[in-house]
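What follows is a set of notes on a single structure, which appears directly below.
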Amino acid sequence: MRFGLFLQPLHHPSTGPTNALDRDLELVVLLDDLGFSEAWIWEHHSSGWENIAAPDVFIAAAAERTTHIRLGTGVLQLGLHHPLVALDRMIFLDHLTRGRATFGMGVGGGIPSDLTVLWLDHEMAERRVQESSDSMLILLESEEPVSIKSDWFELRDAVLQIRPYTEPHMPVAMASAHPVNVELMGRLGGSVLLGGDAGLVPDVWSHLQAGAAKVHRDASREQIMMSTVLHLAETTTEAVDGFREGAISEFYDFQVGWNKRPEPEGSPDDWYEGYVRRSIIGSPHDAIEKIDEMNERAGGVGGFIFMTRDWPSPEAQRQTWRLFAEEVAPHFT
């Protein structure tokens, strides 16, 4: 089972962005030293809370500081980029990292304002993802110049100026449970990045198999990665209490205040109890039990990529990953 980082990142807008980005890079270096398999870097363009606008640039910087960990865009919002330019940049990154980059793609929309400020709705963005990914496959597979015209981009006698470092192309991933997108990952042998809802996995697995069967490929549950929040301490009480204030502030200030999520019934403490149940917040023993439970409910997945927060303190964040590497991961590996 693989374990890694899903770096949104999430910092309060009052935090100095330069120092916050330095801490994000330091975290990836720590995970490389601790033996984690991968780190996925999100793309966002609004709110100030999740402040990496160019995950490929971040990956280039992280690759210079690390040795083994695989680095993926998690995800590049395809509807915001011309497909030739996006693919060209990822091929460039494939060379710079000597094959350690993964092209994670998707709609985005985790922060709805990312689409709103660029005058897109979710349906339009979803359509663009499918049109863009189809065009990229044609560019990768074609030996002849490619011409494609849509209502938002055009290719005219286009060819890739350099071929990928990785043969036949870099690994790909999609953050989506949409059947069309999952079947595409089945065809390409790519990964599907899901949230923490194990109930989605049976349908995703079915569509992954269907896509693989179209090209006479065998799908694998290792292609499915789940994500959830992770925070560990020596004891359950220490972890739960240390995460409480920041989690409540994030939800009510960011998710409700900025993203316009519905405010839950009951008190913030009531909401936090449910949040703890849905996340992995506790001792290393709690983490083992929760991962076993989620994996069993899902019917088996390739691993977990964890979202982290820095509000308990940078040292508490580092302790989370050290405890996981030393006391949790060995149980599964």
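Overview of values
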| quantity | calculated |
| --- | --- |
| Answer label for Cα extents along the principal axes in Å (calculated), chosen among (i) 52, 45, 37; (ii) 54, 45, 41; (iii) 62, 41, 39 | (iii) |
| Normalised contact order of the stretch 143-248, rounded percent, pairs of Cα under 8 Å and 6 or more residues apart | 19 |
| Solvent-accessible area of Glu141 with every protein chain in place, 1.4 Å probe, in Å² to the nearest 10 | 140 |
| Separation of the Glu296 and Ala54 label points, Cα + 7 Å toward Cβ, nm | 4.8 |
| Length-normalised contact order of the stretch 184-333 in % [C-alpha pairs under 8 Å, at least 6 apart] | 32 |
| Amide proton proximity set for Arg70, modelled H, under 5 Å, gap of 5+ | Glu38, Ala39 |
| Contact order relative to length of the stretch 32-140, as percent, for alpha carbon pairs under 8 angstrom and 6 or more apart | 28 |
| Peptides 226-233, 45-52, 272-279 ordered by average Cβ neighbours within 10 Å, highest first | 226-233, 45-52, 272-279 |
| Chain lengthening between Thr18 and Gln161 when straightened (0.36 nm per residue, less Cα-Cα) | 48.1 nm |
| Cleavage-rule hits (chymotrypsin sites (Phe, Trp or Tyr not before Pro)) in the stretch 83-145: DSSP loop, at most 15 neighbouring Cβ within 10 angstrom | Trp119 |
| Separation in nanometres of the label points that stand 7 Å from Cα toward Cβ, at Asp269 and His178 | 4.3 |
| Chain lengthening between Ala213 and Glu234 when straightened (0.36 nm per residue, less Cα-Cα) | 3.0 nm |
| Accessible area in square angstrom per residue, the chain, 1.4 angstrom probe | 45 |
| Cα-based shape type of the stretch 1-141, given that a ≥ b ≥ c are square roots of the gyration tensor eigenvalues and the cut on a/c is 1.5 | oblate |
| Accessible surface of the chain, 1.4 Å probe, proportion on carbon and sulfur as whole % | 51 |
| For the stretch 57-196, with +1 on Lys and Arg beta carbons and -1 on Asp and Glu, the positive-most of Val182, Thr102, Gln161 along the dipole | Thr102 |
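The values are calculated or read from the model by the stated rules, or taken from the named source; none is laboratory data. Note that the structure is a prediction, hence the values are computed from the model and not measured. Here the Cβ is made from the backbone with ideal geometry for all residues, glycine too, and neighbour counts use every protein chain on show. All accessible areas refer to the heavy atoms of the entire protein, side chains included, with ligands and DNA or RNA removed. Shrake-Rupley method; radii C 1.70, N 1.55, O 1.52, S 1.80 Å.
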